[in-house]
Amino acid sequence: MKENDSNPHKRSGNTPESPENREKTPIKVIDYTPRTHGVDVFFQLLDDNELYDALADLQRQHNEKNGYRGRSGHPHHVGDINPSWTPGDEEHHVGFYSSSTGIGHLNENGDFVCYEDQRLRLFENIDNGKAATTAAKCTLTLEPRGPHLVNREKEPFGYPKAVDGQRYTGTYIKAQVSYATDLSESLGWIREYFEHLDNELGTSLMAYWDPIPETLYFSGLERYVRHDLASMGRIISTQRNTARLIHTGNEGEEGTVKEDIRHGEHSIFSVSSTEFEHLGYTAGPRSDSGRLRVKKDKIKTYRAKNADRYSEENYRYHPKTESKALKGKLHASAWSEVVDRLDSILLHHLEMAAIGEDDLVSDDYFRPVDKDGEPEDDETFETREYQAPEGRIASLRKAWEGEDARRKLEGFILHSKTESYRDILNILMFDPAHGGRSVTYEYLQKKTGLSYSAVQRNVTKLTDARILHKLHEGCIFVSWASQTAFERVRDWLRDYFDPKGVLTKIKERAEDRVSARIGRNDEAEEVKQESDEAVVEDEDSDGVDFVDISGGSMLDEDTQAGLDEVFAEAREKMESGEWDDFGSGHAMTDGGPD
């Protein structure tokens with residue numbers, strides 16, 4: 001494979017490598033290095049699809065010979081292998097099967113002819129389709145690529161261009177890989193399958209092995225550390241603090257918080273969000289315009305489901321904490337920058353949770369100390385630099401006080417041609433009837449007089465702007481996306497609107513909107529009925545003193561209680577000029593309060 005000197009992910013001024021950013025974001029050093037866990041690898045061969053065609057012919061031969069079509073539940077057995085990615089000398093069955101793809105070509109009669117992908121993976125039992133249970137994995141899927149491809153509707157099938165802007169013709173390979181240290185090692189594991197088939201079946205598949213560097217991409221890269229079970233509570237507490245700062249919720253785009261507790265102990269806790277950059281984690285590949293190419297990050301801590309079957313001396317008993325780059329594919333040239341970003345997020349969270357080298361646990365792949373023989377005290381991985389942003393609350397507040405946030409709020413509150421955004425925000429902020437709780441689309445529809453579809457459309461735009469958040473629990477509930485967003489919008493609304501007066505005007509506009517729709521050939525959209533549990537009662541507030549609820553919050557009680565504590569601490573440090581909200585001196589006890 002020839003070397004590719006191009007780097008499409010040019011470093012901007014806003015990276016850890018720039019002197020300006022080094023001053024803004026402290027760089028720390030640790031005496032061990034996280035290990036790569038999972039990653040998906042994608043590339044094409046410069047072979048005019050000959051490798052794919054050879055495997056498709058081989059699949060047909062095995063289908064005829066064995067009397068059945070190879071499928072994941074019953075693959076063809078094409079020999080045994082002791083691959084380099086599995087520890088020990090145990091051999092594994094190589095399974096070969098295919099699956100429908102939804103892409104194909106048109107024959108002479110103009111009929112659609114579907115291609116099947118070709119798949120290779122390790123199996124423990126070929127007959128019942130039980131995959132090998134090895135920790136390290138390498139599973140291949142191969143498809144053709146070229147201008148002749150169409151979808152089932154007989155329309156041209158467009159596949160992504162390479163980093164150089166070209167669209168190549170050649171076998172496309174996707175590999176799901178775990179525990180490879182880098183992309184070079186991943187490619188080495190992939191070619192082992194074809195070397196094995198050549199040796200086992202007498203084929204000449206390696207004659208087509210010519211990866212195109214410009215087509216080599218990766219996604220879903222994970223970096224992990226294994227640590228003692230006793231420290232699991234501390235890292236989860238730290239992740240809860242992160243979740244509270246960026247308040248992710250259950251929406252796919254904005255992010256999620258996932259929690260699973262079994263038998264009184266956490267099995268998994270994870271936080272994913274598009275907002276990690278606002279906490280000061282600025283490392284990573286960037287476009288020419290300076291935008292971060294990692295669109296979403298995730299950090300999670302988890303134990304295997306059967307972990308309690310093992311003794312404390314077995315590494316499987318202990319949890320892993322890992323960071324992951326979500327959303328989108330990146331060219332191979334961005335690998336080291338993505339690793340820098342993931343390691344910064346991971347190592348900084350471990351530092352804030354007071355998890356040090358003494359808490360680390362070695363396994364077959366992550367070895368903070370050498371497991372062979374009796375290691376010396378200083379036998380560790382190479383030292384690792386990482387970003388350790390101070391004042392994460394300050395970073396998030398600064399993002400909302402910046403020019404982008406100002407333009408965003410001005411657009412919705414001042415310059416929008418419609419009153420819809422302003423009415424929705426003012427109802428959420430000042431209407432005393434909901435008492436500071438999350439509200440439904442139907443509630444906003446009734447209060448504003450907007451149609452259901454208009455409420456849905458406007459809330460979605462406010463959600464995309466990270467101002468509001470939607471939670472699906474039987475019906476859709478609307479709340480503020482974060483405490484910071486809540487406070488910033490409150491300040492703007494109070495500057496331009498009188499809380500009591502604006503509610504009166506909204507009520508008048510609501511009546512006008514409903515009347516206008518009724519006047520249009522009775523095409524009014526009826527307010528959807530809800531159960532008593534889902535709707536907030538709309539008590540007539542006439543004659544009742546107005547109560548400004550905007551000093552409260554739109555978050556649930558548990559989250560709000562934690563936020564009150566966190567932000568009270570932040571305000572004290574703001575007044576004192578100190579911004580380090582969760583520094584190394586703020587150690588948290590196991591499983592205790594945040």
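The values are calculated or read from the model by the stated rules, or taken from the named source; none is laboratory data. What you see is a predicted model; the values in this text were computed from it and never measured. Cβ atoms come from the backbone with ideal geometry, glycine included; neighbour counts cover every protein chain shown. All accessible areas refer to the heavy atoms of the entire protein, side chains included, with ligands and DNA or RNA removed. Shrake-Rupley method; radii C 1.70, N 1.55, O 1.52, S 1.80 Å.
Considering every residue within the stretch 184-201, establish whether at least one is surrounded by fewer than 16 Cβ atoms within 10 Å (Cβ to Cβ) and assigned to a loop (DSSP other than H, G, I, E, B). Within the stretch 184-201 (the criterion being surrounded by fewer than 16 Cβ atoms within 10 Å (Cβ to Cβ) and assigned to a loop (DSSP other than H, G, I, E, B)), the answer is no, since none of the residues qualifies.
When we screen Lys327, Lys295 for residues that are assigned by the TED database to the domain that holds Asn241, under 30 Å from Val163 (Cα atoms), touching a Gly at 6+ places or on another chain (Cβ under 7 Å) and surrounded by fewer than 23 Cβ atoms within 10 Å (Cβ to Cβ), the only hit is Lys295.
Does Arg60 qualify as being part of a loop (DSSP other than H, G, I, E, B), over 26 Å from Leu330 (Cβ atoms) and either open to solvent by 20 Å² or more (accessible area, probe 1.4 Å) or in the same structural domain as Leu326 (by the TED database) (or both)? So that I can check it myself, show each step before the final result.
Details: part of a loop (DSSP other than H, G, I, E, B): no; over 26 Å from Leu330 (Cβ atoms): yes; either open to solvent by 20 Å² or more (accessible area, probe 1.4 Å) or in the same structural domain as Leu326 (by the TED database) (or both): yes.
It is false that Arg60 is part of a loop (DSSP other than H, G, I, E, B), over 26 Å from Leu330 (Cβ atoms) and either open to solvent by 20 Å² or more (accessible area, probe 1.4 Å) or in the same structural domain as Leu326 (by the TED database) (or both).
Starting from residues that are closer than 15 Å to Cys475 by Cβ and open to solvent by 10 Å² or more (accessible area, probe 1.4 Å), keep the ones in the stretch 420-442 and report whichever is modelled with the lowest pLDDT. Once the filter is applied, the top-ranked residue is Arg437.
Hey, does the stretch 106-117 have a residue that's under 21 Å from Ser178 (Cβ atoms) and in a strand (DSSP E or B)? So far as the stretch 106-117 goes, yes, one or more of its residues are under 21 Å from Ser178 (Cβ atoms) and in a strand (DSSP E or B).
Considering only the stretch 298-316, state which residues are of a type in the set (Ser, Thr, Tyr) and open to solvent by less than 40 Å² (accessible area, probe 1.4 Å). Even if it seems obvious, please write down each step before you answer.
The initial filter retains those residues of the stretch 298-316 that are of a type in the set (Ser, Thr, Tyr), namely 301-302, 310-311, 315.
Result: Thr301, Tyr315.
Residue by residue, here is whether (1) basic (Lys, Arg); (2) in a loop (DSSP other than H, G, I, E, B); (3) under 30 Å from Ala162 (Cβ atoms); (4) modelled with pLDDT of 95 or more holds:
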{"position": "Asp308", "(1), (2), (3), (4)": "no, no, no, no"}
{"position": "Ser336", "(1), (2), (3), (4)": "no, no, yes, yes"}
{"position": "Val339", "(1), (2), (3), (4)": "no, no, yes, yes"}
{"position": "Glu351", "(1), (2), (3), (4)": "no, no, no, no"}
{"position": "Ala354", "(1), (2), (3), (4)": "no, yes, no, no"}
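Got at least one residue in the stretch 472-490 being under 17 Å from Asp423 (Cβ atoms), in a helix (DSSP H, G or I) and open to solvent by 50 Å² or more (accessible area, probe 1.4 Å)? Checking the stretch 472-490: not a single residue is under 17 Å from Asp423 (Cβ atoms), in a helix (DSSP H, G or I) and open to solvent by 50 Å² or more (accessible area, probe 1.4 Å). Regarding the stretch 446-463, can at least one residue be identified that is polar (S, T, N, Q), open to solvent by 10 Å² or more (accessible area, probe 1.4 Å), at pLDDT below 90 and in a loop (DSSP other than H, G, I, E, B)? So far as the stretch 446-463 goes, no, none of its residues is polar (S, T, N, Q), open to solvent by 10 Å² or more (accessible area, probe 1.4 Å), at pLDDT below 90 and in a loop (DSSP other than H, G, I, E, B).
In the stretch 309-364, the residue that is farthest from Gly280 (Cα to Cα) out of those that are of a type in the set (Val, Ile, Thr) and in contact with a Phe, Trp or Tyr (Cβ under 6 Å, 6 or more places away or on another chain) is Val361.
Of the residues that sit in the stretch 158-184 and are aromatic (Phe, Trp, Tyr) and out of contact with any strand residue (DSSP E or B) (no Cβ under 6 Å at 6 or more places or on another chain), which one is farthest from Glu322 (Cα to Cα)? Break it down stepwise before answering.
First pass over the stretch 158-184, keeping only residues aromatic (Phe, Trp, Tyr): 159, 168, 172, 179.
In the following step, the residues that additionally are out of contact with any strand residue (DSSP E or B) (no Cβ under 6 Å at 6 or more places or on another chain) were identified as 159, 179.
Values: Tyr159: 31, Tyr179: 13 Å.
That would be Tyr159.
Among the β-branched types (Val, Ile, Thr), open to solvent by less than 30 Å² (accessible area, probe 1.4 Å) and modelled with pLDDT of 80 or more - does that describe any residue in the stretch 390-410? No, every residue in the stretch 390-410 fails to be among the β-branched types (Val, Ile, Thr), open to solvent by less than 30 Å² (accessible area, probe 1.4 Å) and modelled with pLDDT of 80 or more.
When you check Ile506 against the structure, is it assigned to a helix (DSSP H, G or I) and on the phi < 0 side of the Ramachandran plot, yes or no? When the stated conditions are applied, Ile506 passes them. When Ile506, Ile476 are checked against the criterion of being of a type in the set (Val, Ile, Thr) and within 19 Å of His415 (Cα to Cα), Ile506 stands alone in meeting it.
Within the stretch 148-166, does at least one residue satisfy the condition of being open to solvent by 60 Å² or more (accessible area, probe 1.4 Å), acidic (Asp, Glu) and closer than 25 Å to Gly104 by Cα? The answer is yes, given that some residue of the stretch 148-166 is open to solvent by 60 Å² or more (accessible area, probe 1.4 Å), acidic (Asp, Glu) and closer than 25 Å to Gly104 by Cα. What number of residues within the stretch 71-95 satisfy the criterion of being more than 20 Å from Trp189 (Cα to Cα) and either at pLDDT below 95 or not assigned by the TED database to the domain that holds Thr181 (or both)? Total meeting the criteria: 4. Contact map, the stretch 126-144: residues that are part of a loop (DSSP other than H, G, I, E, B) paired with residues that are modelled with pLDDT under 85 and open to solvent by 20 Å² or more (accessible area, probe 1.4 Å), Cβ distance under 9 Å, separation 6+ or inter-chain. Pairs shown: Thr134/Pro87; Ala135/Pro87; Ala136/Pro87. Screening Tyr179 with (1) open to solvent by 30 Å² or more (accessible area, probe 1.4 Å); (2) out of contact with any Gly (no Cβ under 6 Å at 6 or more places or on another chain) gives one miss only, at (1). Note on the stretch 202-231: among residues that are in a strand (DSSP E or B) and of a type in the set (Ser, Thr, Tyr), the one that is farthest from the chain's Cα centre (by Cα) is Tyr217.
Among Ala524, Ala516, which is modelled with pLDDT of 80 or more, open to solvent by 40 Å² or more (accessible area, probe 1.4 Å) and not assigned by the TED database to the domain that holds Arg407?
Numbers: Ala524 fails: modelled with pLDDT of 80 or more.
So the residue among Ala524, Ala516 that is modelled with pLDDT of 80 or more, open to solvent by 40 Å² or more (accessible area, probe 1.4 Å) and not assigned by the TED database to the domain that holds Arg407 is Ala516.
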